[in-house]
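Presented below is the structure to which this report refers.
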Amino acid sequence: MPVLIATRPIPRSAFRFFWATFALMTMLLVTGCETLFPIPGAPPAGVTAVVQMTNLLDFSPRQITVRVGDTVEWQNPSLFTHTVTLDADLARTEDNVALPNGVQPSHSADVPPNGTYRLTFTVPGTYRYVCLPHERLGMVGVVIVLPAE
Ligand SMILES: [Cu+2]
């Protein structure tokens, strides 16, 4: 006796869903989740730590610790122009900037909205720096550089 199995045609939308899911999973495998869903604060390649310059006129995080040879990237996702200034001669208050002995002063110049600035630290010690336009408002930061591991 023949068995009758009810078969409905699979709706087109089911195929579309399948292929859309398949394509998304493939993209995730190929590019990594971070491309589609960037993790806030995840450092770009070659960068050890990220400091953001914020709309609240602050460095975030205000203090970071890295090691000799590490590169720090300052990112400006804010609406304001900021600077990363490790130069006591440029600072309003000289004491807001401090560098380990023998380290040359440096200054990013203006970092506009969406701009970035990178520094690679080669000398261990404590670095105090300011944002020139907002130094008076307390926009100061600290990078502590430990000896290489
Ligand atoms: Cu600033």
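On the basis of being within 19 Å of residue 69 (Cα to Cα), among the small types (Gly, Ala, Ser), part of a loop (DSSP other than H, G, I, E, B) and touching a residue at least 24 places away in the same chain (Cβ under 8 Å), does residue 109 make the cut? Spell out how you get there, then give the answer.
On the way: within 19 Å of residue 69 (Cα to Cα): no; among the small types (Gly, Ala, Ser): yes; part of a loop (DSSP other than H, G, I, E, B): yes; touching a residue at least 24 places away in the same chain (Cβ under 8 Å): yes.
Taking the combined requirement at face value, the residue does not satisfy it.
Could you tell me whether any residue of region 41-61 is surrounded by fewer than 10 Cβ atoms within 10 Å (Cβ to Cβ), at pLDDT below 95 and at negative phi?
yes
If you scan region 112-141, which residues turn out to be touching a residue at least 60 places away in the same chain (Cβ under 8 Å) and touching a Pro at 6+ places or on another chain (Cβ under 9 Å)?
So in region 112-141, the residues touching a residue at least 60 places away in the same chain (Cβ under 8 Å) come out as 118, 131, 134, 137-141.
139, 141, listed by residue number.
Those residues that are more than 13 Å from the ligand (Cβ to nearest atom) and acidic (Asp, Glu), I need them from region 48-96; list them, please.
Of the residues in region 48-96, the ones more than 13 Å from the ligand (Cβ to nearest atom) are 48-50, 61, 63-73, 86-90, 93-95.
The answer is 70, 73, 87, 89, 94, 95.
Checking residue 109 against (1) on the phi > 0 side of the Ramachandran plot; (2) surrounded by 13 or more Cβ atoms within 10 Å (Cβ to Cβ), only one condition comes out false. Which one?
All conditions are met except number (2).
The values are calculated or read from the model by the stated rules, or taken from the named source; none is laboratory data. These numbers come from a predicted model, not from an experiment. Cβ: placed from backbone, ideal geometry, glycine included. Neighbour counts: every protein chain shown.
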